[in-house]
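What follows is a set of notes on a single structure, which appears directly below.
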Amino acid sequence: MFLLEISYLIGSITFIVGLKMLSSPDSARKGNIYAAIGMGIAILATILFHEKDGHSIGNIPWILGAMAIGTVIGWLMAMKVKMTAMPQMVSFFNGMGGACAAIIALVEFHGHGSASHDWGFLLIVFLGLAIGSVSFSGSIIAHGKLDGWINDTRGSWMKIVNLIMLAAVLAMVVGEVLAPGTFGPNAIWILLVISLLYGITFVLPIGGADMPVVISLLNSFTGMAAAFGGFLYGNAVMLTGGILVGSAGTILTVLMCQAMNRSLLNVIIGSFGGGGAAAGGGADGEQVAKEISLTDAAILCAYANKVVIVPGYGLAVAQAQHVCHEFEKALEGRGVDVSFAIHPVAGRMPGHMNVLLAEADVPYPKLVEMEDANPQLPNTDVLIVVGANDVVNPAAEDDPSSPIYGMPVIQAWNAKNVIVMKRSMKPGYAGIQNQLFFHPKTKMLFGDAKDSLQNLVSELKNL
Amino acid sequence: MDSLATFFLENQHMIYIVILSVFLGIEVISNVPAILHTPLMSGANAIHGVVIIGAIIVMGHAAQDDYLALSLGFLAVVLGTLNVVGGFVVTNRMLEMFKKKK
């Protein structure tokens with residue numbers, strides 16, 4: 001018992017220290033490894049020393065077998081996934097944790113017999129089941145949307161469906177806790193189904209711009225579900241680990257909402273875009289964007305003093321991070337000052353661009369965050385938008401009817417020249433037109449971002 | 001009201017852990033640069049894989065003839081392991097890219 005508790009204490013400390021170290025670039029990798037070691041110790045100690053009513057852990061071959069299966073699959077998936085697909089991978093693993101928590105609640109409820117539960121136990125089991133299930137189905141939908149096999153479902157009716165589903169989940173939890181049996185003997189299965197459905201309807205209408213928030217929120221949900229498991233077993237390491245992730249995840253979610261100037265409630269019950277977006281797109285059909293040739297673009301950059309690159313999801317899709325770095329080096333070879341302006345929600349997850357560019361060996365000091373980048377833009381000769389759209393949309397500042405109005409953006413239009421690399425004139429993920437493309441300073445360079453950058457690099461060499 | 005008081009007294013220590021952990025979680029990540037948001041989220045994702053301990057307990061104390069508990073427990077251990085192993089490996093792969101190049 002002593003060894004078990006001391007292992008749990010070590011586990012809890014490594015989680016706290018690990019999270020802390022993950023908050024700084026120099027120690028992040030070690031932090032992750034410490035937390036993993038702590039997890040290993042806690043798991044091993046559970047198998048070896050856990051006792052309930054005098055019985056130690058049984059079925060060990062089965063447990064080890066299950067862990068072997070999970071390890072092989074998890075390892076292979078994590079090693080094979082492309083850097084661009086990281087966000088949906090995190091979402092998937094998060095869903096697995098949620099499902100695990102939900103299953104624990106189900107089994108515990110049945111193990112104790114259906115009657116004679118005190119309300120504390122019922123509350124923990126029902127909340128653990130509901131939150132775990134929502135996290136599972138929601139994460140799978142988020143994975144599908146980021147992976148492209150599930151499309152956005154928009155419409156105001158979704159809001160009503162969502163509110164009804166949420167009310168149903170809450171009503172069942174409260175009803176069953178206050179008066180067990182209110183919803184009949186199969187209440188727990190009904191709750192399971194409703195919660196799974198709510199997870200689906202909760203994430204389906206949410207557009208790409210909000211996906212980071214949703215994944216972070218679901219992450220903290222799973223943390224809470226794990227903590228309910230800890231409460232159930234009086235297990236300190238599950239409790240600390242779960243609550244830490246629950247609270248840290250919630251704060252991260254709130255920070256992201258603030259970055260987009262939206263409230264969490266608005267993200268949860270409202271869907272991004274909606275009616276206004278479609279109307280905005282049609283009215284501007286007459287405008288014509290100016291194109292720029294490769295050679296002109298190369299010359300413009302080569303003779304600039306300061307070039308700022310604004311990357312977006314298009315960079316990830318085109319896998320253009322390496323060639324983007326080559327382009328940066330080619331310009332620096334000519335004495336041009338090059339930096340990257342990173343919008344906090346560019347890409348599909350906060351920090352997505354940082355991870356991609358770091359993969360291509362772009363040094364951190366080159367990555368400038370939005371608040372620091374904006375004041376420098378009036379002194380910038382050329383700003384190059386690579387596959388970004390909504391994060392450089394002036395409508396966020398000057399069009400109160402726009403769905404993204406109020407979201408802080410990179411003020412690309414303040415730069416002396418703007419080159420936009422884009423495959424077509426299609427609107428971005430939020431589904432709204434971007435006036436930046438028709439701005440007098442803006443020139444469009446159509447084509448795949450990777451090809452365009454590659455061609456620019458060769459043009460630069462020929463100059 | 002009595003049951004509320006009993007619940008509180010019985011679970012006093014855990015309630016303290018919860019409250020303190022909430023503040024600790026907020027404090028620990030409050031100074032994170034945006035550059036580390038994705039790896040941090042991924043690392044936190046791996047840490048909540050600690051739920052696997054619950055799955056091991058379910059499986060380890062399931063009676064030999066309780067097939068519902070055994071099969072669900074087995075599934076839970078597989079899923080929990082996926083969360084832990086996949087979570088830490090993905091985080092490590094992301095952070096490998098932040099390594100200082102010589």
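Has the stretch A:82-103 got at least one residue that is in a loop (DSSP other than H, G, I, E, B) and either touching a His at 6+ places or on another chain (Cβ under 8 Å) or more than 7 Å from every other protein chain (Cβ to nearest Cβ) (or both)?
First pass over the stretch A:82-103, keeping only residues in a loop (DSSP other than H, G, I, E, B): A:82.
Still in the running and either touching a His at 6+ places or on another chain (Cβ under 8 Å) or more than 7 Å from every other protein chain (Cβ to nearest Cβ) (or both): A:82.
So far as the stretch A:82-103 goes, yes, one or more of its residues are in a loop (DSSP other than H, G, I, E, B) and either touching a His at 6+ places or on another chain (Cβ under 8 Å) or more than 7 Å from every other protein chain (Cβ to nearest Cβ) (or both).
Considering only residues of the stretch A:230-241 that are more than 17 Å from A:Gly120 (Cβ to Cβ) and either in contact with a strand residue (DSSP E or B) (Cβ under 7 Å, 6 or more places away or on another chain) or not hydrophobic (A, V, I, L, M, F, W, C) (or both), which is nearest to the other protein chains (Cβ to nearest Cβ)?
A:Gly241
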Checklist line | Any hit, the stretch A:1-9, residues being touching a strand residue (DSSP E or B) at 6+ places or on another chain (Cβ under 8 Å), assigned to a loop (DSSP other than H, G, I, E, B) and more than 7 Å from chain B (Cβ to nearest Cβ) | finding: yes
Check: On the given criteria, is A:Val245 more than 24 Å from A:Val17 (Cβ to Cβ) and either modelled with pLDDT under 90 or facing chain B (nearest Cβ under 8 Å) (or both)?
Finding: no
Notebook entry, point to check: What residue, of A:Ile342, A:Ile251, A:Ile309, is in the same structural domain as A:Asn219 (by TED's automatic domain parsing), at negative phi and at pLDDT 85 or above?
Noted result: A:Ile251
Check: Given the structure, is B:His13 within 7 Å of chain A (Cβ to nearest Cβ) and either in contact with a strand residue (DSSP E or B) (Cβ under 6 Å, 6 or more places away or on another chain) or not aliphatic (A, V, I, L, M) (or both)?
Finding: no
Check: Could you say which residue among B:Val22, B:Val78, B:Val89 is over 30 Å from A:Leu76 (Cβ atoms), facing chain A (nearest Cβ under 7 Å) and modelled with pLDDT of 90 or more?
Finding: B:Val22
Notebook entry, point to check: Here are some residues: A:Met21, A:Met39. Which one is more than 7 Å from chain B (Cβ to nearest Cβ), assigned to a helix (DSSP H, G or I) and either at pLDDT below 95 or surrounded by 24 or more Cβ atoms within 10 Å (Cβ to Cβ) (or both)?
Noted result: A:Met21
Next item on the list: Examine the stretch A:178-186 for a residue that is assigned to a helix (DSSP H, G or I) and either surrounded by 19 or more Cβ atoms within 10 Å (Cβ to Cβ) or modelled with pLDDT of 95 or more (or both), and state whether such a residue exists.
Entry: no
Note to self: Against the condition within 11 Å of chain B (Cβ to nearest Cβ), more than 16 Å from A:Asp381 (Cα to Cα), outside any strand (DSSP E or B) and out of contact with any Gly (no Cβ under 6 Å at 6 or more places or on another chain), how does A:Val323 come out, does it pass?
What the structure shows: no
Notebook entry, point to check: Looking at the stretch B:25-58, which of the residues that are polar (S, T, N, Q) and assigned to a helix (DSSP H, G or I) is modelled with the lowest pLDDT?
Noted result: B:Thr38
Notebook entry, point to check: When only residues in the stretch A:1-12 that are in contact with a Phe, Trp or Tyr (Cβ under 9 Å, 6 or more places away or on another chain) and hydrophobic (A, V, I, L, M, F, W, C) count, which is surrounded by the most Cβ atoms within 10 Å (Cβ to Cβ)?
Noted result: A:Leu4
Note to self: For the structure I just gave you, tell me whether B:Gly60 is at the interface with another protein chain (Cβ under 7 Å from one of its Cβ atoms), under 14 Å from the mean Cα position of the chain (by Cα), crowded, with 18+ Cβ neighbours inside 10 Å and not β-branched (Val, Ile, Thr).
What the structure shows: no
Margin query: Could you tell me how many of the residues in the stretch A:62-80 are modelled with pLDDT under 95 and more than 7 Å from chain B (Cβ to nearest Cβ)?
Written below: 1
Next item on the list: Working only within the stretch A:308-324, note down all residues that are surrounded by fewer than 21 Cβ atoms within 10 Å (Cβ to Cβ) and either in contact with a strand residue (DSSP E or B) (Cβ under 9 Å, 6 or more places away or on another chain) or not hydrophobic (A, V, I, L, M, F, W, C) (or both).
Entry: A:Gln319, A:His322
Checklist line | Filter pass, B:Ser3 being among the hydroxyl-bearing types (Ser, Thr, Tyr), at the interface with chain A (Cβ under 7 Å from one of its Cβ atoms) and touching a Phe, Trp or Tyr at 6+ places or on another chain (Cβ under 8 Å) | finding: yes
Notebook entry, point to check: How do the strands (runs of 3 or more DSSP E) wholly within the stretch A:352-443 filter down when requiring 3 or more residues that are within 14 Å of another protein chain (Cβ to nearest Cβ) and in contact with a helix residue (DSSP H, G or I) (Cβ under 9 Å, 6 or more places away or on another chain): which remain?
Noted result: A:367-369
Next item on the list: Within the stretch A:208-219, identify whether any single residue is surrounded by fewer than 23 Cβ atoms within 10 Å (Cβ to Cβ), farther than 23 Å from A:His110 by Cβ and away from chain B (no Cβ under 13 Å), and answer yes or no.
Entry: yes
Next item on the list: Those residues that are surrounded by fewer than 23 Cβ atoms within 10 Å (Cβ to Cβ) and closer than 22 Å to A:Phe437 by Cα, I need them from the stretch A:345-379; list them, please.
Entry: A:Met370, A:Ala373, A:Asn374, A:Pro375, A:Gln376, A:Leu377, A:Pro378, A:Asn379
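The values are calculated or read from the model by the stated rules, or taken from the named source; none is laboratory data. All values derive from a computational prediction rather than experimental measurement. No Cβ is skipped: glycine too gets one built from the backbone with ideal geometry, and neighbour counts run over all protein chains shown.
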